[in-house]
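Enquirer: Structure below; questions to follow.
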């Protein structure tokens with residue numbers, strides 16, 4: 001089920017209110033991710049000895065790749081990405097991150113992005129992988 005209304009997530013003996021992100025919020029998060037990835041790519045290219053022109057080209061390629069919707073979804077599986085997403089959809093994102101296992105926190109972040117985590121769970125279960133329940 002794709003979330004369209006806020007829901008409660010319980011972890012660590014506390015209940016946290018999480019809301020689905022608007023399209024505008026998802027776009028902003030994607031643009032922030034793209035700028036971060038571009039800056040990292042340019043730094044890495046320069047550190048590896050690339051010239052300015054080549055480093056800028058590498059940065060532009062990283063930015064373009066990070067603007068894909070799938071990049072934001074994949075970023076939910078990193079601690080930093082998950083934290084950024086939860087900060088946008090939960091008033092106590094730090095508490096929520098502290099209360100949940102990392103994979104559970106990622107599932108909540110995915111649900112806030114509009115990913116159908118129930119369908120994801122079904123897919124994972126059919127493949128034999130365990131999927132956390134926190135995003136329910």
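Enquirer: Going by the conditions given, is residue 61 farther than 19 Å from residue 29 by Cβ and either in contact (Cβ under 8 Å) with a residue 40 or more places away in the chain or touching a strand residue (DSSP E or B) at 6+ places or on another chain (Cβ under 6 Å) (or both)?
Expert: No; evaluated as a whole, the condition is false for this residue.
Enquirer: Look at residue 135 and say whether it is at pLDDT below 95 and closer than 20 Å to residue 6 by Cβ.
Expert: Against the criterion (at pLDDT below 95 and closer than 20 Å to residue 6 by Cβ), residue 135 qualifies.
Enquirer: Sticking with this one: Can you tell me which of 66, 41 is in contact with a helix residue (DSSP H, G or I) (Cβ under 8 Å, 6 or more places away or on another chain), modelled with pLDDT of 95 or more and either over 30 Å from residue 119 (Cβ atoms) or crowded, with 18+ Cβ neighbours inside 10 Å (or both)?
Expert: After applying the criteria, what remains is 41.
Condition check ((1) on the phi < 0 side of the Ramachandran plot; (2) modelled with pLDDT of 95 or more; (3) not in a helix (DSSP H, G or I)) across all residues:
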{"position": "2", "(1), (2), (3)": "yes, no, yes"}
{"position": "17", "(1), (2), (3)": "yes, yes, yes"}
{"position": "21", "(1), (2), (3)": "yes, yes, yes"}
{"position": "25", "(1), (2), (3)": "yes, yes, no"}
{"position": "29", "(1), (2), (3)": "yes, yes, no"}
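Enquirer: Does residue 108 meet the test of being at pLDDT below 95, surrounded by 21 or more Cβ atoms within 10 Å (Cβ to Cβ) and under 21 Å from residue 5 (Cβ atoms)? Give the derivation first.
Expert: Working: at pLDDT below 95: no; surrounded by 21 or more Cβ atoms within 10 Å (Cβ to Cβ): yes; under 21 Å from residue 5 (Cβ atoms): yes.
Spelling it out, it is not the case that residue 108 is at pLDDT below 95, surrounded by 21 or more Cβ atoms within 10 Å (Cβ to Cβ) and under 21 Å from residue 5 (Cβ atoms).
Enquirer: I'd like the full set of residues that are buried (at least 16 other Cβ atoms within 10 Å of the Cβ) and more than 8 Å from residue 90 (Cβ to Cβ), limited to segment 10-25.
Expert: First pass over segment 10-25, keeping only residues buried (at least 16 other Cβ atoms within 10 Å of the Cβ): 11, 16, 18-21, 25.
Hits for segment 10-25 are 11, 20, 21, 25.
The values are calculated or read from the model by the stated rules, or taken from the named source; none is laboratory data. These numbers come from a predicted model, not from an experiment. Positions of Cβ are generated from backbone atoms using ideal geometry, with glycine treated the same way; all protein chains shown enter the neighbour counts.
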